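A.B. asks: Here you go, one structure.
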Amino acid sequence: MEGNEAELPLSGVKVVSLEQAIAAPLASRHLADWGARVIKIERPGTGDFCRDYDNVMNGMSSQFVWTNRSKESLAIDIKSPEGRKVLDALLPQADVFIQNLAPGAAERLGLDAASLLQRYPRIIACDVSGYGSGGPYSDKKAYDLLVQCEAGVLAINGTEAEPAKVGLSVVDIATGMYILSGVLMALYRRERTGKGTAFQASLFDSITDWMSYPAFYTHSTGRPLPRTGAKHATIAPYGPFRVGDGSTIFFGIQNDREWRSLCWIVLGDAGFADDLRFRTNPLRMQNRDDLQAHIEQRFASMTGEEALRLLDEAGVANAHLNSVEAFLAHEQLHARSRVHSVGSPCGPVMSFLPALTIPGMKPRMDPVPDVGQHNEAILGELGLGKEP
């Protein structure tokens, strides 16, 4: 903490999270970023299995480092009498409880959101699952890639020849953000009514919302949204273009004004905007290959930077095709000091600032905890002096 703990918007909020993998830990990390005290409950010894996904960050998992800074780790066996005694002492103090145990496990332990709200009427409790309650998939285990498959995400990613998964844990990220949204809405509701909230979030429901556009397109047209690799599936020109120096640049046209500006300033031919093959987006989609060839013929005499400068001049959105290495060196990241480091059991590790910028307020960038690192302190607070 950088000395502004009391100023952060979630200061004073205590979160107890029985969490593993990505979705729930990402949600609670966002809460920790802005001042909440997050107590992460882990298995004694091994901890969250996400700790072992890789060991590339000074011996720690890159995904664990991403989702677990600024938390306290409490390692207890919640199925043992001693561990349950600790949890039962914690829960009355919790403002928020998040759990993403295997299907049915929370209910068997009396730790599902509805049961907790009955016992603690002011608590905000969230059950996180793969497919939600009810329905034939409610007891099915779920991970990010598997839910991408079930929800049709792979069907719209990749090339015409082969589907591909999204390179990020997009289902987990979506779910984490909906958990966060639900917690914040429930905190606001409690401020007004004094009442807690029990709610559910699932991986499948979260990515269903994100799949709305391709699902609506397919429902309305009777055909799937085509897989087009790096090109946009329904807008042209929008995607990659080869340039004379061998590089590839991206740009996208969103409206008629931008199309005409592209033709006049970048292609050097204002009249081309009214070519009968290209004057509307549906026509440009029908004749995409011819349009691609025409644009790349114009770019053949340019370098990538020259083409990007012309696109900027024309007011057309554009981008470099960067590698991750180039992204890490990106001038926008470093000009705005977005890259920081946080502590960990294995020494300092890199981290990015939270995505929100609040003038005059610094988010927490506290260490990533070791398994059970905070047992002694938390048990002492609860008046339970020995390790469970």
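Quick note: the coordinates plus some simple rules give every number you see, no bench work behind them. Here the structure is a predicted model, which means the values were calculated and not measured. Backbone-built Cβ (ideal geometry, glycine too); neighbour counts: all protein chains shown.
A.B. asks: Given labels modelled 7 Å from the Cα in the Cβ direction, how far is it in nm from Thr234 to Tyr53?
C.D. replies: If labels sit at Thr234 and Tyr53, their model points lie 3.1 nm apart.
A.B. asks: Okay, next question. What nm value, rounded to one decimal, do you get for the distance between Arg336 and Leu109 when each label is placed 7 Å out toward the C-beta?
C.D. replies: Calculated label separation equals 3.9 nm.
A.B. asks: Check Asp77: other-chain or 5+ apart residues with amide H under 5 Å from its amide H, H built from backbone geometry?
C.D. replies: Distant-sequence amide H within range of Asp77: Gly83.
A.B. asks: Please enumerate, by chain and number, the lysines with C-alpha under 21 Å from the C-alpha of Lys231, excluding those fewer than 8 residues away in the same chain.
C.D. replies: Candidates past the 8-residue exclusion: Lys165.
A.B. asks: Among Cys263, Asn318, Thr248, flag the residue with its Cα farthest along the positive direction of the charge dipole of segment 238-327, charges on Cβ as +1 for Lys/Arg and -1 for Asp/Glu.
C.D. replies: Positive-most Cα among the choices belongs to Cys263.
A.B. asks: Which of Phe299, Phe97 has the fewest other C-beta atoms within 10 Å, and how do the rest follow up to the most? Don't jump to the answer; show the numbers that get you there.
C.D. replies: Working: Phe299 22, Phe97 28.
Ranked by crowding around the Cβ, least crowded first: Phe299, Phe97.
A.B. asks: Whole Å is fine, so just give me how far the alpha carbon centre of segment 98-141 lies from that of segment 351-374.
C.D. replies: If we compute the Cα centre of each part, the gap is 28 Å.
A.B. asks: Just tell me which lysines come within less than 27 Å, Cα to Cα, of Lys71; anything on the same chain fewer than 8 places away is out.
C.D. replies: Lys14, Lys40, Lys79, Lys85, Lys141, Lys195, Lys362, Lys386
A.B. asks: Next question, about the same structure. Would you please name the trypsin sites (Lys or Arg not before Pro) within segment 185-229 that are DSSP coil residues with at most 15 other C-beta atoms within 10 Å of their C-beta? Before the final figure, lay out each step's value.
C.D. replies: On the way: sites: Arg189, Arg190, Arg192, Lys195, Arg227; in loops: Lys195, Arg227.
In loop regions of segment 185-229 (DSSP not H, G, I, E or B), the sparsely surrounded trypsin sites (Lys or Arg not before Pro) are Lys195.
A.B. asks: Quote the charge dipole size of segment 247-388 about the Cα centre in Debye, to the nearest 20; the model charges only the Cβ of Lys and Arg (+1) and of Asp and Glu (-1). Show your work: numbers first, answer last.
C.D. replies: Numbers: 13 positive and 19 negative charges, 59 e Å.
With Lys and Arg at +1 and Asp and Glu at -1, about 280 debye.
A.B. asks: Using the crude model of +1 on Lys and Arg Cβ and -1 on Asp and Glu Cβ, and no other charge, please compute the dipole size for the chain relative to its Cα centre, in debye to 20.
C.D. replies: Working: 38 positive and 46 negative charges, 187 e Å.
The calculated dipole for the chain is roughly 900 debye.
A.B. asks: Under unit Cβ charges (Lys, Arg +1; Asp, Glu -1), what dipole magnitude, rounded to 20 debye, does segment 1-136 have relative to its Cα centre? Mind showing how you got there, number by number?
C.D. replies: Working: 14 positive and 17 negative charges, 60 e Å.
The calculation lands at about 280 debye.
A.B. asks: I've got another one for you. Percent relative contact order of the chain, based on C-alpha pairs within less than 8 angstrom and at least six residues apart?
C.D. replies: Relative contact order, the chain: 19 percent.
A.B. asks: Kirkwood Rh over alpha-carbon pairs of the chain, then Stokes-Einstein at 25 °C and 0.890 mPa s: what D in µm² s⁻¹, rounded to an integer? Intermediate values should be presented prior to the final figure.
C.D. replies: Working: Rh = 23.9 Å.
For these conditions, the coefficient is 103 µm²/s.
A.B. asks: Run through every distinct alpha carbon pair of segment 238-327 and return the Kirkwood hydrodynamic radius in angstroms, one decimal place. Please list the in-between numbers first.
C.D. replies: Details: mean 1/r = 0.0755 Å⁻¹.
13.2 Å is the Kirkwood radius here.
A.B. asks: Given a Förster radius of 41 Å and the C-beta distance between Met185 and Thr280 as r, what FRET efficiency does 1/(1 + (r/R0)^6) yield to the nearest 0.05? The partial results should precede the final answer.
C.D. replies: Details: r = 41 Å, r/R0 = 1.01.
Working from the Cβ atoms, E equals 0.50.
A.B. asks: Further question on the same structure: At Asn255 and Thr193, where each label point lies 7 Å from the Cα along Cα→Cβ, what is the point-to-point distance in nanometres?
C.D. replies: 4.0
A.B. asks: Residue by residue through segment 86-102, what is 3J(HN,Hα) from phi via Karplus (6.51 cos²θ - 1.76 cosθ + 1.60, θ = phi - 60°)? Round to whole Hz and write x for glycine and proline.
C.D. replies: Couplings: 5, 4, 5, 6, 6, 4, x, 8, 7, 7, 9, 10, 10, 9, 10, 5, 4 Hz.
A.B. asks: If one takes the longest principal axis of the Cα atoms in the chain, at what angle in degrees, from 0 to 90 and to the nearest 10, does the Cα axis of helix 23-33 lie?
C.D. replies: On a 0 to 90 degree scale, this one is about 80.
A.B. asks: Within segment 350-388, name every residue whose backbone N is under 19 Å away from a label modeled 7 Å from Cα of Glu82 along the Cβ vector.
C.D. replies: 371-388
A.B. asks: Among 124-132, 40-48, 52-60, what's the highest-first ranking by average C-beta atoms within 10 angstrom per residue? Each step should come with its number before you reach the end.
C.D. replies: Working: 124-132: 24.7, 40-48: 19.6, 52-60: 14.6.
Packing proxy ranking, top to bottom: 124-132, 40-48, 52-60.
A.B. asks: Can you give the angle from 0 to 90° between the axis of helix 288-299 and the longest principal axis of the chain, with both taken from C-alpha atoms, to the nearest 10?
C.D. replies: 80
A.B. asks: I've got another one for you. Gain in length, Thr303 to Ala326, computed as 0.36 nm per residue apart minus the alpha-carbon separation, to one decimal in nm? Don't skip to the answer; put the middle values down first.
C.D. replies: On the way: separation 23, 0.36 × 23 = 8.28 nm, distance 1.81 nm.
My answer for the length gained is 6.5 nm.
A.B. asks: Could you give the length gained on full extension between Ser220 and Ile265, defined as 0.36 nm per residue of separation minus the Cα-Cα distance, in nm? Walk me through the intermediate numbers first.
C.D. replies: Details: separation 45, 0.36 × 45 = 16.20 nm, distance 3.68 nm.
Taking Ser220 through Ile265 to full extension adds about 12.5 nm, to one decimal.
A.B. asks: Amide H neighbours of Arg43 under 5 Å, at least 5 residues apart or on other chains, H built in the peptide plane: list them.
C.D. replies: When sequence neighbours closer than 5 places are left aside, the close amide H contacts are Asp48.
A.B. asks: Could you list Phe352, Phe64 in order of exposure, starting from the residue whose Cβ has the fewest other Cβ atoms within 10 Å?
C.D. replies: Details: Phe352 11, Phe64 24.
Ascending number of Cβ neighbours within 10 Å: Phe352, Phe64.
A.B. asks: With axes computed from alpha carbons, what is the tilt in degrees of helix 170-193 against the longest principal axis of the chain, rounded to the nearest 10 within 0 to 90?
C.D. replies: 60
A.B. asks: Here's another thing I want to ask about it. Distance from the Cα centre of segment 241-306 to that of segment 162-196, in angstrom?
C.D. replies: Cα centres, segment 241-306 to segment 162-196: 39 Å.
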